[in-house]
Structure formats: C-alpha cells, structure tokens
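The values are calculated or read from the model by the stated rules, or taken from the named source; none is laboratory data. Treat the numbers as computed from the prediction; the structure is a model and nothing was measured. So basically every Cβ, Gly included, is an ideal-geometry build from the backbone, and we count neighbours across all protein chains shown. Quick note on the areas: whole protein, heavy atoms, side chains included, nothing else; ligands and nucleic acids left out. Shrake-Rupley method; radii C 1.70, N 1.55, O 1.52, S 1.80 Å.
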Amino acid sequence: MVLTEVTGELIHIFDSARNVAVLTGAGVSAESGVPTFRGGGDATMWSWRGRPVTELSSAEMLATDPTLVWEWFDYRRGLLKELSPNPGHYALAEWEGRFENFALITQNIDDLHRAAGSMNLLELHGNIWRARCLRCSSTFEARESPLEQNPPLCLVCGGPSRPDVVLFGESLPEGVFERAEEAASRADLFFVIGTSAVVYPAASLPIAAKQGGARIIEVNPERTDISILADVTVLGRAGEILPQFVTQRG
Ligand SMILES: NC(=O)c1ccc[n+]([C@@H]2O[C@H](COP(=O)([O-])OP(=O)(O)OC[C@H]3O[C@@H](n4cnc5c(N)ncnc54)[C@H](O)[C@@H]3O)[C@@H](O)[C@H]2O)c1
Ligand SMILES: [Zn+2]
C-alpha cells in the first residue's frame, strides 16, 4: 500500500505496537542538509577533488593514503558541524520512551540522532566524530574541526588513528549488527526510513523483521527496493511524515 500521509489506521498500528525497531539511512538527515549518496534530489554527492566518494571512503585508500582519507573526512566534518537535527530526528528521539522495546538502528555516521536526544543508538557504520587507534584499537572522541593534526593521535598510546567509520571493503563493527538483527527479529513494527536499502548487510534487516512477523512501514519520498517488502510505503520526507505519528490525532 502506498500513502502520502499518516492515516488513522497507521496511527492505530503505531499506538498498539510494543516492540519497535527503526532503520534509518542518509535520507533522514537530508532535510538537515547532509548530502545523500543515491537519490533524494538536491544534495547528492558523488565526488570530491575529482575522486569518487566510494574510492575516498575505502579500506584500500586508507591503506595507501591515510592522510587523504582524513582530509576527506575533515571536509565532511566541516560541513556537518554546522548542521542540526530536523523534526524527523526529534520525532524518533521522542519515540524512544513510548514502547516496551525500541531500537534505533542507523547507517548514518553524522551523529544527528544523538544530537536530537536519542540515547539507545545502534550505529552500524560508526561515527564521524570518533577516531580509532591503528596501534591499540582504542576509540576516542575527536571533535576538533578542522583537524589540528592529521592523523589525530591516540589518547591512550599516541599512535596514529583512523576515522571510526566503516569504509567500503570493511565489515561492520563486531556485535552491533547482531544486536540490530535481534531487535529486527523481535519487532512487531519495523520502520525503514530514508534508506535506498541497497547496502548490505543493513538491507537484510527489514527482511529479518518481516520473517519475524513485523509489519514494515517505509518512509521515503521515492519507492525503493524495500517497497515490495513493506506493508505500507509512506511517500514523503521524514521530517514531515514522522511527526505525524504522534501529533495528528483524529
Ligand atoms: N548522514 C550520513 O551519515 C550519511 C550520508 C550519506 C551516506 N552515508 C552512508 O552511505 C550509505 C548510503 O546508504 P543510505 O541508504 O543510507 O543512503 P542513500 O544515499 O543510498 O539513500 C538515501 C535515501 O533517502 C531517501 N530520501 C531523500 N530525502 C529524504 C527525506 N527527506 N526523507 C526520507 N527519505 C529521504 C532517498 O530517496 C534515498 O532512498 C550508508 O552506508 C551510510 O552510512 C551516510
Ligand atoms: Zn592507541
């Protein structure tokens, strides 16, 4: 079923849910001004300094030119630090306390869910404001922007660090995906918000939710590969649609 607004029936499903899990992608941050990779219109970023972003954000590039990788992330951090959460992020933060179990699973590294007040976050792809030591694997907050040092040095051992972000060609951080999968399988309501759902294994979470018996609600201005699986696709922007679940009471 395809809708363009949140109906009374959807609100009823929302209100009666007990175990809710949400998967977000770049689209939830689009209205904050964060460029998405694929689709979403106005702010798609493909390349920087003439190189495709997939090459800049890759394990291979980290191995050959870690300074360039940090420069690229430094550039993105510079864009992100000016941005704020939008009503979609705030709505999700507010949902956290409404259900017996609530899991917010994000593919975003931008920290905007946390900035909006979400506390139980499963960050599948890491966080752009964290660094990880290449020598001792400690992770630490590295918020200075622009960077004072490239690479930032480990607070524990002084070794060089890398962004604590999953790069193309790398696997997800241990444990996080398993927890996300568990939340998806246990959900009776699963939201897929602002993701083109083509990046695995994150894209397998809605399938796990469906197999576990969840209803799937998708929120995206465009139909995606997940739309076939979704019980309902609400065509619209996250910042406009998500607040309707709580405020539009008929
Ligand atoms: N904000 C970030 O941290 C960020 C930004 C870009 C890419 N990434 C990374 O790139 C990969 C991209 O996958 P992805 O699926 O998250 O993003 P994507 O760029 O592939 O897809 C974005 C999706 O959001 C939808 N969209 C656009 N505007 C929207 C809005 N206002 N409301 C709701 N949906 C909207 C688009 O139609 C599209 O389906 C992920 O691995 C992610 O880690 C992260
Ligand atoms: Zn270290």
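For the reader, a short list of remarks on this structure follows.
- Distance cut-off 24 Å, percentage of C-alpha pairs in the range 139-250 lying past it: 46
- Taking the 1.4 Å solvent-accessible surface of the chain as the whole, the part contributed by carbon and sulfur is 50%.
- Take the Cα of C157, go 7 Å toward its beta carbon, and the backbone nitrogen atoms of the range 124-140 under 12 Å from that spot belong to 133-139.
- Evaluating 6.51 cos²θ - 1.76 cosθ + 1.60 at θ = phi - 60° for every residue in the range 17-28, the Karplus couplings come out as 6, 10, 10, 10, 10, 10, 10, 10, x, 3, x, 5 Hz, glycine and proline recorded as x.
- Here the range 59-201 was treated as a single set of alpha-carbon atoms; its pair distances binned every 10 Å from 0 give 11, 37, 34, 16, 2 percent.
- Between the range 107-132 and the range 162-225, the alpha-carbon center distance in angstrom: 15
- Space enclosed by the convex hull of the alpha-carbon atoms of the range 160-213, per residue, Å³: 92
- Using the 1.4 Å probe convention, the accessible area of the chain works out to 46 Å² per residue with neighbouring protein chains retained.
- The range 103-162 - Debye-derived log10 I(q)/I(0), Cα point model, q = 0.17, 0.23, 0.26 Å⁻¹: -0.62, -0.92, -1.02
- Unit charges at the beta carbon, dipole of the chain: most positive-side option, F191, C133, A91: C133
- Considering only T7, A26, P52, and ranking their Cα positions along the charge dipole of the range 1-143 that arises from unit charges at the beta-carbon of Lys, Arg, Asp and Glu, the one farthest toward the positive end is P52.
- Debye, to nearest 20: dipole size of the chain, +1 on Lys, Arg Cβ, -1 on Asp, Glu Cβ: 140
- Amide H within-cut-off set for W48, under 5 Å, with H built and near neighbours excluded: V53
- Within the range 101-228: Cβ-based charge dipole about Cα centre, in debye rounded to nearest 20 (Lys, Arg +1; Asp, Glu -1): 100
- Square roots of five times the Cα gyration tensor eigenvalues for the chain, Å: 33, 18, 17
- Derived scalar couplings ³J(HN,Hα) [the range 109-120; Karplus, 6.51 cos²θ - 1.76 cosθ + 1.60; whole Hz; x for Gly, Pro]: 10, 7, 6, 6, 4, 5, 4, 7, x, 5, 10, 8
- Charge dipole (the range 116-250, unit charges on Cβ, about Cα centre) - positive-most of V156, L242, Y200: L242
- Other-chain or far-sequence residues with amide H under 5 Å of E170's (modelled H): A59
- Here the range 1-134 was treated as a single set of alpha-carbon atoms; its pair distances binned every 5 Å from 0 give 2, 9, 16, 20, 18, 14, 9, 6, 4, 2, 0 percent.
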